[in-house]
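Colleague: One structure follows; several queries about it will come next.
Bear in mind these aren't lab numbers, they're just calculated from the coordinates by the rules spelled out. Since this is a predicted model, take the numbers as computed values, not measurements. Note that each Cβ is placed from the backbone with ideal geometry, even for glycine, and that neighbours are counted across all protein chains shown.
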Amino acid sequence: MNKLKVMTIFGTRPEAIKMAPLVRKLQEAEGIQSVLCVTAQHREMLDMVLDLFQLKPDYDLDIMQHGQTISDITVKVLKGVEAVLQEVKPDIVLVHGDTTTTFVGSLAAFYQQIAVGHVEAGLRSGNIYSPYPEEMNRKLTGHLAQLHFAPTEGNYKNLIKEGIGEEKIFITGNTVIDALLQVVKEDYVFDNPLLNKIDYHNKKVLVMTCHRRENWGEPMENIFKAVVEITEKHREVEVIFPVHLNPNIRNLAKNIMGDTKAIHLIEPLDYEPFANLLNKAHLILTDSGGIQEEAPALGKPILVLRTETERPEAVEAGTVKVVGVEKQRIVEEVSKLLSNSSEYLQMEAAVNPYGDGRACERIVKALKDYFKLS
Ligand code: UD1
Ligand code: UDP
């Protein structure tokens, strides 16, 4: 019997982290032929994840260029994926989440009438410009897909509200927890001397990341200035900021934060050291999507540097607080947590609404059932 040909497409760091454990499961699954196509919308940050999970793409479109616009990515992914699909002729294409690779990869498959499975389906902020362009990317992908792998019950309900048939939606948990559980270790020792030297017990280590397009410009300036002010007010704080490789973000971070001794601007970390750094942090400040899922699972309070979130589950559980992008509010919210231990302790209670580490297993089973392989 011919094997079911499943082609996975991804291109950026977060997609790679969340799809790597799934690709490994597909490779091991009986009756499935797994084909991996990376767009390399990210280059170095993608390769770091491929190396960690020892994945070798069958196709690498290598599209990244510095200063790329959303249209540049769209055009290159559409043409590149078209050619790969014509050659591979998969039974189904799997995409993840909400990047331009995700949406355009799905569109390319739709144009060839190839089924699409959407992993991390059904997240919605309700605002098409925030996160931008991710909210629209995931809505459009949702309408191109035949199978929807929703991490939570809330994500399932969002899809039902948009008219997706319940028989096409599978609640699986988020594959990020599968990845996280593979790399976090309590006795972890970093290779990086700076990260090993930091006194995680006597200092309050604040880990931050910031990269979202809708935060470029003034909001990001506000955020960076707020962090400088926090280190001036709270001498016990040490900040570690692995800066995204986008030059706009790097230049701004260096200009505003570069001279502050308590702030360490470092290169993006491999996933294993980064996840373990989160696990040692006192507090996390971020506008990232994935980190909003990882930090609650590790019991780490996290303040989200955005005006809304598509991940309300951990906000409802009390581990995540959305604090916006105004300087004064950010300083106040961080100060409150640094000086009020009862509020901190409440946020520290570990909750994990995003899964049990078996999401990939459920996705593979759903695929086998759908294609009657089981
Ligand atoms: C992209 C996604 C965003 C996702 C984010 C994760 C889109 C439109 N945006 O945003 O949804 O949350 O990835 O990080 O799909 N760069 C490098 N090396 C790398 C990666 C990036 O040099 O490995 C630099 C390049 O100059 C590149 C720039 O960063 O042009 C921006 O990359 P891009 O993928 O366009 O946007 P992100 O902001 O990373
Ligand atoms: N991450 C990483 N190294 C870093 C910073 C982040 O491996 O230096 C991981 C993080 O744990 C999470 C993912 O990258 O799993 C988040 O990626 P990003 O913030 O780029 O994208 P988003 O989640 O906002 O889409």
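Colleague: Note the angle between two axes, namely the Cα long axis of helix 247-257 and the longest principal axis of the Cα atoms of the chain, as a number of degrees from 0 to 90, rounded to the nearest 10.
Modeller: Roughly 10 degrees between the two axes.
Colleague: Rounded, prolate or oblate: which fits region 11-159 when a ≥ b ≥ c are the square roots of the eigenvalues of the alpha-carbon gyration tensor, with rounded for a/c under 1.5 and prolate only if a/b beats b/c?
Modeller: rounded
Colleague: May I ask you to sort ARG250, ARG24, ARG311 by Cβ crowding, counting other Cβ atoms within 10 Å and putting the fewest first? Please report the intermediate quantities before stating the final value.
Modeller: Working: ARG250 14, ARG24 17, ARG311 23.
Fewest-to-most Cβ neighbours within 10 Å comes out as ARG250, ARG24, ARG311.
Colleague: Sticking with this one: Just grab the label-to-label distance for SER342 and ILE266, each label 7 Å out from Cα along the Cβ direction, in nm (one decimal).
Modeller: 3.6 nm
Colleague: What is the list of residues in region 256-298 whose amide nitrogen lies under 16 Å from a point 7 angstrom out from the Cα of GLU232, following Cα to Cβ?
Modeller: Answer for region 256-298: 256-263.
Colleague: Please go through the residue pairs LYS168/LYS365; LYS139/LYS365; LYS161/LYS368 and name each one whose alpha carbons sit more than 19 Å apart in this structure.
Modeller: Those over the limit are LYS139/LYS365; LYS161/LYS368.
Colleague: Then there is this: Which ³J(HN,Hα) values in Hz, rounded to whole numbers, follow from the phi angles of region 227-237 under the Karplus curve 6.51 cos²θ - 1.76 cosθ + 1.60, where θ = phi - 60° and Gly and Pro get x?
Modeller: So the Karplus estimates, Gly and Pro as x, are 5, 4, 4, 4, 5, 6, 7, 10, 5, 7, 8 Hz.
Colleague: Could you list the residues of region 342-374 with an amide nitrogen less than 19 Å from a label point located 7 Å from the Cα of GLU30 in the Cα-to-C-beta direction?
Modeller: Flagged as within label range: 361-374.
Colleague: State, to one decimal in nm², a quarter of the convex hull surface area for the C-alpha atoms of region 263-337, i.e. the direction-averaged projected area.
Modeller: 5.2 nm²
Colleague: Using a simple spin-label model with points 7 Å from Cα along the Cα→Cβ vector, what separation in nm is obtained for ARG213 and LEU181?
Modeller: 3.4 nm
Colleague: Roughly what % of DSSP beta bridges within the chain run antiparallel, to the nearest 5?
Modeller: Taking every DSSP beta bridge with both residues in the chain, the antiparallel ones total about 0 percent.
Colleague: What angle do you read, to the nearest 10 degrees and between 0 and 90, between the alpha-carbon axis of helix 70-88 and the longest principal axis of the chain?
Modeller: Result, in degrees: 40.
Colleague: Moving on. 7 Å from Cα along Cα→Cβ at both TYR132 and ALA317: what's the point-to-point distance in nm?
Modeller: Computed distance between label sites TYR132 and ALA317 equals 3.1 nm.
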